[in-house]
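These notes are about the structure you will find just below.
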Amino acid sequence: LDDTKWLNWFIYMSIKKTANLLLNFALKRLAEVLGILVSLTGVILFLSLITYSPNDPNFIFPDNTKVENLMGFQGSFVSDLFFQSVGLIAYLIPFTLLFTGINILKTKDFFLFIENIFFTILYLIFGALFLAYYYSDTYALFVNGNSGFVGEYLNNTFLKSLILINDSIFFYILILIIIIFFLISINFKPKYLLLFFRDLIKKNNKIYTDKSEIINEYIPQDEIKNL
């Protein structure tokens with residue numbers, strides 16, 4: 001009887017372990033697929049945005065037949081939607097999606113997408129407000145201007161009164177906020193930047209202990225042979 005219980009327990013644990021392995025394998029593959037799809041979406045959105053034309057069919061003028069957008073009819077609608085809603089700050093979205101997809105591929109973390117979208121919404125809000133207040137007179141886009149209707153709406157709230165306290169200081173504060181949220185949305189790690197500068201300083205401050213080290217680094221070997 002004891003042997004039977006032990007055998008049943010062993011079979012149960014084997015099945016459980018196999019099921020966990022299969023589940024982990026499936027989740028990792030799904031994460032990889034999601035990462036690839038998110039990155040591809042970023043690339044497609046970038047191509048749609050940079051080839052945007054106000055003459056293409058869109059939500060305001062859907063009857064236009066000639067499509068100049070590289071992504072075709074769908075690209076013209078999507079790019080128009082982003083530009084008319086949040087304005088020029090939409091150019092940052094494809095980079096967030098691209099790096100998010102790459103990081104999902106590396107970490108196999110599904111929740112990374114939700115987290116990065118949250119910070120994307122934040123920098124879009126502050127970016128649209130920034131463009132609406134400081135660059136409302138310079139139109140690069142039709143209808144809703146550089147900031148989109150989101151920026152125009154925010155510029156008519158209490159936030160405008162807050163900026164009016166000292167618009168010179170808030171100019172740099174808003175830029176800093178946008179940069180911070182954007183870097184967080186692409187999972188930028190400050191330690192990588194510090195490591196880069198540290199290696200750069202070490203390279204520039206290299207200490208030579210022997211004359212041959214200087215000769216080998218600054219004079220090609222072929223020239224040394226010729227000499």
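For every residue, the table says whether it meets (1) closer than 23 Å to residue 82 by Cα; (2) aliphatic (A, V, I, L, M).
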site	(1), (2)
93	yes, yes
98	yes, yes
104	no, yes
107	no, no
121	yes, yes
157	yes, no
184	yes, yes
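Would you mind stating whether residue 65 is part of a loop (DSSP other than H, G, I, E, B), open to solvent by 60 Å² or more (accessible area, probe 1.4 Å) and either among the polar types (S, T, N, Q) or modelled with pLDDT of 90 or more (or both)? Talk me through it step by step, then tell me what you get.
Values: part of a loop (DSSP other than H, G, I, E, B): yes; open to solvent by 60 Å² or more (accessible area, probe 1.4 Å): yes; either among the polar types (S, T, N, Q) or modelled with pLDDT of 90 or more (or both): yes.
Here the answer is yes, as residue 65 does meet what is asked.
Just to verify a result, which residue in the stretch 106-152, among those that are of a type in the set (Asp, Glu) and modelled with pLDDT of 90 or more, is surrounded by the most Cβ atoms within 10 Å (Cβ to Cβ)? First the steps, then the outcome.
Of the residues in the stretch 106-152, the ones of a type in the set (Asp, Glu) are 109, 115, 137, 152.
Right, trim to modelled with pLDDT of 90 or more and you get 115, 152.
Numbers: 115: 14, 152: 18.
Among residues in the stretch 106-152 that are of a type in the set (Asp, Glu) and modelled with pLDDT of 90 or more, the one surrounded by the most Cβ atoms within 10 Å (Cβ to Cβ) is 152.
For every residue, the table says whether it meets (1) in contact (Cβ under 8 Å) with a residue 12 or more places away in the chain; (2) more than 17 Å from the chain's Cα centre (by Cα).
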position	(1), (2)
22	no, yes
28	yes, yes
37	yes, no
41	yes, no
45	yes, no
53	yes, yes
56	yes, yes
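Among the conditions (1) under 28 Å from residue 49 (Cα atoms); (2) open to solvent by 50 Å² or more (accessible area, probe 1.4 Å); (3) at pLDDT below 95, residue 176 misses just one, which is (3).
The values are calculated or read from the model by the stated rules, or taken from the named source; none is laboratory data. What you see is a predicted model, and the numbers here were worked out from it, not measured in a lab. Cβ sites come from the backbone with ideal geometry, for glycine too, and all protein chains shown count toward neighbours. All accessible areas refer to the heavy atoms of the entire protein, side chains included, with ligands and DNA or RNA removed. Shrake-Rupley method; radii C 1.70, N 1.55, O 1.52, S 1.80 Å.
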